[in-house]
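Heads up: the structure comes next, in structure tokens.
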């Protein structure tokens, strides 16, 4: 027991001694660490001071360099400003010197002017004295001449003025006449050349339009189906289309008669669809006619678009395109209106190119010049004025509108496009084969033209030429003077315009001549 206790006590003592030794050693290590840390801190602080000193010197050097650069720039700015100031001072000195010189010259000129004015005053005074003397002498001579001639000065002056006036008038009229004849000759030659070249470069077509269409059928049995029971089918077809359908003994053919080509075409297409389908009764007829009318409306728009594309015309209003398409189903004196307008458009384009004008505007005006002939509703206005109103409504240019309205002289022409359209319209309508007329009515119109001329006093002979587009009137020189000849031409034109209906224009030429005939034996 005691030995065990001794062992335990000795063990505890040993542990306590160990702890004490460890504590002593730990204190020794901490002291060493503190010493080392102080040395390291001193070293870091020393290095930091050295680096800070280096940075300080570097920044000082940079600041000095920047200061030197700014100082140099400032000196350059100051030098440039001083240079400008010096130049401005030099210019000011030069101007002052120039002004001084000008003032000196002006002063000298003023002195010279005053001297000249004085001289001129003396000369004027002398001239006035001489003029008074001359007037006195002239008055004395005039009085002597009046006594010698028996005429006063005013009467003599009037006689001289009248004599000179008559002589000057005669000379001026002769010169004007020669100049006009030369200008007319040159202008006519150039105009003929341009017109002939234009006509030769445009292909033309014969007039083929009429008021009837022939619908061919395979056999006469179809006629009975078209007529229907008690004629109900044909009556329904006529009522729906507004076309007279003539079924006679003509083999394998039915005649469609109507003045309106659009209705006639609708009836022809509708009849073709009905015969092809085989179902022909009033309800079916109304349905087919309605669909065909819609098809024709679409075709009209397509024709208008194709026409403006072919002619190279752009930006045309959709309503005007539709009007152009409708012209396909209109005719004027047997001439298809669309073909006529296309032809006029091409002629206008060629003629405008020859004259150096705007070709596109000329084509546009030529195509649209007759749009007033296809109105949606009845109008009392002439077709030229109606077409001009439509063109203005749909935004066409002023030159185009004026050309449309003036191509039959209803309004005044304001641009060169207007006479070009008028001439090209006449060329297209007056060429051989362009329009169809019944021979009797054609001859009667020529006879009426001549009869109107014979109705005036002093007319010796009258001849309608150029297919009725010109009336040449020969008058008796004893009864009609030169001045009256011009008035007679105007009076005849007015009477023709009010009493007759005719296509295009009629030119009235009054011819007056005197002849002296003798026979040498």
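The values are calculated or read from the model by the stated rules, or taken from the named source; none is laboratory data. Worth saying up front: this structure is predicted, and the values here are computed from it rather than measured. Please note: Cβ atoms are built from the backbone with ideal geometry, for glycine as well, and neighbour counts cover all protein chains shown.
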> Of the residues 125, 182, which is modelled with pLDDT of 70 or more, part of a helix (DSSP H, G or I) and within 34 Å of the chain's Cα centre (by Cα)?
Replying inline: 182
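Specify which of the listed residues (417, 357, 386) is crowded, with 21+ Cβ neighbours inside 10 Å and within 21 Å of the chain's Cα centre (by Cα). Give the steps one after another, and end with the answer.
Numbers: 357 fails: crowded, with 21+ Cβ neighbours inside 10 Å; 386 fails: crowded, with 21+ Cβ neighbours inside 10 Å.
Selected residue: 417, the only one of 417, 357, 386 that is crowded, with 21+ Cβ neighbours inside 10 Å and within 21 Å of the chain's Cα centre (by Cα).
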> Within the bounds of the stretch 299-314, is there any residue that is surrounded by 17 or more Cβ atoms within 10 Å (Cβ to Cβ), closer than 29 Å to residue 226 by Cβ and assigned by TED's automatic domain parsing to the domain that holds residue 262?
Replying inline: yes
>> residue 319 - would you say it is surrounded by fewer than 23 Cβ atoms within 10 Å (Cβ to Cβ), out of contact with any strand residue (DSSP E or B) (no Cβ under 6 Å at 6 or more places or on another chain) and over 22 Å from residue 505 (Cα atoms)?
In response: yes
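With respect to residue 387, is the statement that it is under 16 Å from residue 402 (Cβ atoms), in a helix (DSSP H, G or I) and in contact (Cβ under 8 Å) with a residue 12 or more places away in the chain true?
Numbers: under 16 Å from residue 402 (Cβ atoms): yes; in a helix (DSSP H, G or I): yes; in contact (Cβ under 8 Å) with a residue 12 or more places away in the chain: yes.
Yes; evaluated as a whole, the condition is true for this residue.
Go through 262, 344 for me and flag whichever is under 19 Å from the mean Cα position of the chain (by Cα) and in the same structural domain as residue 370 (by TED's automatic domain parsing).
344
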> Out of curiosity, is residue 339 assigned to a helix (DSSP H, G or I) and touching a helix residue (DSSP H, G or I) at 6+ places or on another chain (Cβ under 8 Å)?
Replying inline: no
> Given the structure, is residue 429 buried (at least 18 other Cβ atoms within 10 Å of the Cβ), in contact with a helix residue (DSSP H, G or I) (Cβ under 9 Å, 6 or more places away or on another chain), at pLDDT below 80 and assigned to a helix (DSSP H, G or I)?
Replying inline: yes
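Does at least one position in the stretch 332-340 carry a residue that is free of Cβ contacts under 8 Å to residues at least 60 places away in the same chain, in contact with a strand residue (DSSP E or B) (Cβ under 9 Å, 6 or more places away or on another chain) and on the phi < 0 side of the Ramachandran plot?
Among the residues of the stretch 332-340, at least one is free of Cβ contacts under 8 Å to residues at least 60 places away in the same chain, in contact with a strand residue (DSSP E or B) (Cβ under 9 Å, 6 or more places away or on another chain) and on the phi < 0 side of the Ramachandran plot, which makes the answer yes.
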>> Can you go through 288, 323 and tell me which one is under 19 Å from residue 226 (Cβ atoms), touching a helix residue (DSSP H, G or I) at 6+ places or on another chain (Cβ under 9 Å) and outside any loop (DSSP other than H, G, I, E, B)?
In response: 288
>> Quick test for you: out of 270, 283, pick the one residue that is on the phi < 0 side of the Ramachandran plot, assigned by TED's automatic domain parsing to the domain that holds residue 235 and without any contact (Cβ under 8 Å) to a residue 12 or more places away in the chain.
In response: 283
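At negative phi, out of contact with any helix residue (DSSP H, G or I) (no Cβ under 8 Å at 6 or more places or on another chain) and modelled with pLDDT of 85 or more, is that true of residue 114? Break it down stepwise before answering.
On the way: at negative phi: yes; out of contact with any helix residue (DSSP H, G or I) (no Cβ under 8 Å at 6 or more places or on another chain): yes; modelled with pLDDT of 85 or more: no.
It is false that residue 114 is at negative phi, out of contact with any helix residue (DSSP H, G or I) (no Cβ under 8 Å at 6 or more places or on another chain) and modelled with pLDDT of 85 or more.
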